[in-house]
1. Working only within the stretch 67-80, note down all residues that are surrounded by 14 or more Cβ atoms within 10 Å (Cβ to Cβ) and at pLDDT below 90.
2. For the stretch 35-44, which residues satisfy the criterion of being surrounded by 14 or more Cβ atoms within 10 Å (Cβ to Cβ) and more than 26 Å from the chain's Cα centre (by Cα)?
3. Could you please let me know if residue 24 is of a type in the set (A, V, I, L, M), in contact with a Phe, Trp or Tyr (Cβ under 9 Å, 6 or more places away or on another chain), at pLDDT 90 or above and not assigned by TED's automatic domain parsing to the domain that holds residue 106?
4. Tell me whether the stretch 49-56 contains one or more residues that are under 17 Å from the mean Cα position of the chain (by Cα) and either surrounded by 13 or more Cβ atoms within 10 Å (Cβ to Cβ) or outside any loop (DSSP other than H, G, I, E, B) (or both).
5. If I ask for residues that are among the charged types (D, E, K, R) and part of a helix (DSSP H, G or I), which ones from the stretch 67-83 would you list?
6. One residue is enough: does the stretch 63-76 have a residue meeting the conditions within 28 Å of residue 14 (Cβ to Cβ) and more than 23 Å from the chain's Cα centre (by Cα)?
7. Of the conditions (1) in contact with a Lys or Arg (Cβ under 9 Å, 6 or more places away or on another chain); (2) surrounded by 11 or more Cβ atoms within 10 Å (Cβ to Cβ); (3) within 27 Å of residue 21 (Cβ to Cβ); (4) in contact (Cβ under 8 Å) with a residue 12 or more places away in the chain, residue 128 fails just one. Which one is it?
Amino acid sequence: MRYPQGGGLTAERQAFRERIRMEAAVMLAAGRSSTDIAKELRVSVRSVQRWRRAWRAAGPGGVRSRGPASRPKLSDALFAVLEEELAKGPVLHGWPDQRWTLARIETLIGRRFHKSMTLSGISQMLRRHGWSHQVPSRRALERDEVAVAGWVKEVWPRVER
């Protein structure tokens, strides 16, 4: 299942965080203390101390965000290909049932893109792109819902007493 919103920060939220950093740079230039800046901007003192070091080293531009810590293993184009492969289903890729597990997706990524990823990395990547995990309900194919409903109404009250 996919959520309509992709995941990660929206452009507005990224801009808001960048404004906070720039405000901190102005306050650092004015010589204010880390605790005052942290209280006013509602951030941690540790963040302000980190910004202060960057500001001293590179000036106001040093406080700017440098983006994500690392590039994703699969680009957006490759992830689109992965989604197409996932849509084809596990049976087409050689598994006996219709369940995608992280281990199976890891194998698919290795086969298709010749890249290796950890299971937690795959989970995070999927969540970032709006996928959620699903737990299949285990129901017998022969299950008769009418008979089950009748049992719950008639037999269960007698057994419960």
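1. Listed by number, the residues that qualify are 72, 73, 74.
2. Those that are surrounded by 14 or more Cβ atoms within 10 Å (Cβ to Cβ) and more than 26 Å from the chain's Cα centre (by Cα): 37, 38, 41.
3. yes
4. No, because not a single residue in the stretch 49-56 is under 17 Å from the mean Cα position of the chain (by Cα) and either surrounded by 13 or more Cβ atoms within 10 Å (Cβ to Cβ) or outside any loop (DSSP other than H, G, I, E, B) (or both).
5. Hits for the stretch 67-83 are 76, 83.
6. yes
7. (1)
Yes or no, residue by residue, for (1) out of contact with any His (no Cβ under 7 Å at 6 or more places or on another chain); (2) touching a residue at least 24 places away in the same chain (Cβ under 8 Å); (3) assigned by TED's automatic domain parsing to the domain that holds residue 83:
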position: 99; (1), (2), (3): yes, yes, yes
position: 105; (1), (2), (3): yes, no, yes
position: 111; (1), (2), (3): yes, no, yes
position: 115; (1), (2), (3): yes, yes, yes
position: 118; (1), (2), (3): yes, no, yes
position: 124; (1), (2), (3): yes, no, yes
position: 139; (1), (2), (3): yes, no, no
position: 144; (1), (2), (3): yes, no, no
position: 148; (1), (2), (3): yes, no, no
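The values are calculated or read from the model by the stated rules, or taken from the named source; none is laboratory data. Since we're looking at a predicted model, the values are computed, not measured. All Cβ positions, glycine included, derive from the backbone under ideal geometry; neighbour counts span all protein chains shown.
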